[in-house]
1. Of the residues that make up segment 218-228, is at least one touching a helix residue (DSSP H, G or I) at 6+ places or on another chain (Cβ under 7 Å), polar (S, T, N, Q) and in a strand (DSSP E or B)?
2. Show the residue pairs that are 6+ apart or on different chains and have beta-carbon atoms under 8 Å apart, the first residue being within segment 154-176 and at pLDDT below 95, the second being of a type in the set (Gly, Ala, Ser) and surrounded by 20 or more Cβ atoms within 10 Å (Cβ to Cβ).
3. Given (1) closer than 19 Å to Gly239 by Cα; (2) crowded, with 16+ Cβ neighbours inside 10 Å; (3) of a type outside the set (S, T, N, Q), where does Glu334 come up short, assuming only one miss?
4. Among the residues of segment 321-334, is there at least one that is in a loop (DSSP other than H, G, I, E, B), closer than 14 Å to Ala199 by Cα and out of contact with any Cys (no Cβ under 8 Å at 6 or more places or on another chain)?
5. Strands (runs of 3 or more DSSP E) wholly in segment 245-293 with at least 2 residues that are surrounded by 14 or more Cβ atoms within 10 Å (Cβ to Cβ) - which ones?
6. Being crowded, with 18+ Cβ neighbours inside 10 Å and over 18 Å from the mean Cα position of the chain (by Cα) is the filter here, so list the residues in segment 183-204 that pass it.
7. How many residues are among the β-branched types (Val, Ile, Thr) and modelled with pLDDT under 85 if we restrict to segment 242-262?
8. Give Ser262, Ser289, Ser339, Ser257 a once-over and let me know the one that is assigned by TED's automatic domain parsing to the domain that holds Ser362, on the phi < 0 side of the Ramachandran plot and polar (S, T, N, Q).
Amino acid sequence: MDHGKTTLVNALSGVWTDKHSEELKRGISIRLGYADATFRKCPKCPEPDCYTVAEKCEHCGSKTNELRTVSFVDSPGHETLMATMLSGAAIMDGAILVIAASEPCPQPQTKEHLMALDIIGIDRIVIVQNKIDLLSREEIIEHYWQIKEFVEGTVAEKAPIVPVSAQQKVNIDLLIQEIEETIPTPERDLSKPARMLIARSFDVNKPGTPIDKIKGGVIGGSLLQGRIRVGDEIEIRPGRSVGGKELWQPMLTKVTSIMSGSIRLEEATPGGLVGIGTTLDPAMTKSDSMVGHVVGKPGTLPPVWNGFKLGVRLLERAVGTEEEIKVMPIKVGERFMLSVGTATTLGVVKSISKDAAEVRLSRPVCAEVGARVAISRRIGARWHLIGVGTILEGDAA
């Protein structure tokens, strides 16, 4: 798990970094935000008062005991950024669906997010009814029933709904209790070969850094299985293009450092978000250019596909549109945005059979047969989720 000092309140409020705030002001596409929170429990106070993120209990002053530290992947809410949201969902163990009580439910992006959770297969969900300080008791109750009606028949139908004011720090203790009970730490298999999905990548060198002081590129993400240690050789797929979009070569590099928040580690295991320093040229990792790649021990990663055959399940209605738009059947020659793990690529339909489609990719992806694929269609000026696919077989790169 990640270890840091960012509070749960900041995570809920979307407080990422000054850089993210500036990107929002300028209208630039927002990247995934990271925040960590350490859950603690007072040994003396009753539930839910005992749950906190403070080292000293706010109620009785007792020293609190650490339960676990969790990482939040703060996905952008706007429907135009669904590819980013789906990338974040691919590395989540559970989800907190934040719904503003000050707006009618559901908003278009809330529909998108809930459908994405269903497609990715995340069923451990806690619903946060935020901004309750802006409404009367009667309005909050009315909004609560809007939420219940919205999630009926969905993967979140039985999810607890916690009324919260993140700004006023109301019910944060109850929210921590619900997260602890609803989204426990999953069982991790450390004996399997290491597998990590890259969700961010960086060049950490400042302009003008002397050449002998330059650090290798950094990749960030979450391990799904196994472990990675400092000094390990790792493979990255699809890797780099060596002959146009059809030919890609896996990259081999060495782990030079592992960071979890501000803490330096010798080993990374599943759970939480880590940054892995490598010997890669930092120009290859700058500006999230490695997002969508898969990392593991050499020779253990899934195949890289230039195209694949998808088993397809279309939704009745496009998700996230203001009007209810019926999803029409897929046509040969149609272009889709496909999200596989943290990778996003465009695909062109080459042929169609019953409940399946053969798709050619504009950029290859590394994925197992059986992997889920989120399918988005361009409706108007935006991509909207219309269905889910399963990789049945592939055309190896």
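The values are calculated or read from the model by the stated rules, or taken from the named source; none is laboratory data. Since we're looking at a predicted model, the values are computed, not measured. Glycine gets a Cβ as well: all are built from the backbone with ideal geometry, and neighbour counts include every protein chain shown.
1. Going through segment 218-228, the residues touching a helix residue (DSSP H, G or I) at 6+ places or on another chain (Cβ under 7 Å) turn out to be none.
There is no residue in segment 218-228 that is touching a helix residue (DSSP H, G or I) at 6+ places or on another chain (Cβ under 7 Å), polar (S, T, N, Q) and in a strand (DSSP E or B).
2. Ile172/Ala166
3. Every condition holds for Glu334 apart from (1).
4. Quick first cut of segment 321-334, residues in a loop (DSSP other than H, G, I, E, B) only: 321-325, 327-334.
From what is left, the residues that are closer than 14 Å to Ala199 by Cα are none.
Checking segment 321-334: not a single residue is in a loop (DSSP other than H, G, I, E, B), closer than 14 Å to Ala199 by Cα and out of contact with any Cys (no Cβ under 8 Å at 6 or more places or on another chain).
5. On the way: elements: 248-260, 263-265, 274-278.
In segment 245-293, the matching strands (runs of 3 or more DSSP E) lie at 248-260, 274-278.
6. Of segment 183-204, the ones crowded, with 18+ Cβ neighbours inside 10 Å are 183, 194-203.
Passing the criteria: Ala194, Asp203.
7. Of all residues in segment 242-262, those among the β-branched types (Val, Ile, Thr) come to 242, 253, 255-256, 258.
Right, trim to modelled with pLDDT under 85 and you get 242.
Total meeting the criteria: 1.
8. Values: Ser262 fails: assigned by TED's automatic domain parsing to the domain that holds Ser362; Ser289 fails: assigned by TED's automatic domain parsing to the domain that holds Ser362; Ser257 fails: assigned by TED's automatic domain parsing to the domain that holds Ser362.
The unique qualifying residue is Ser339.
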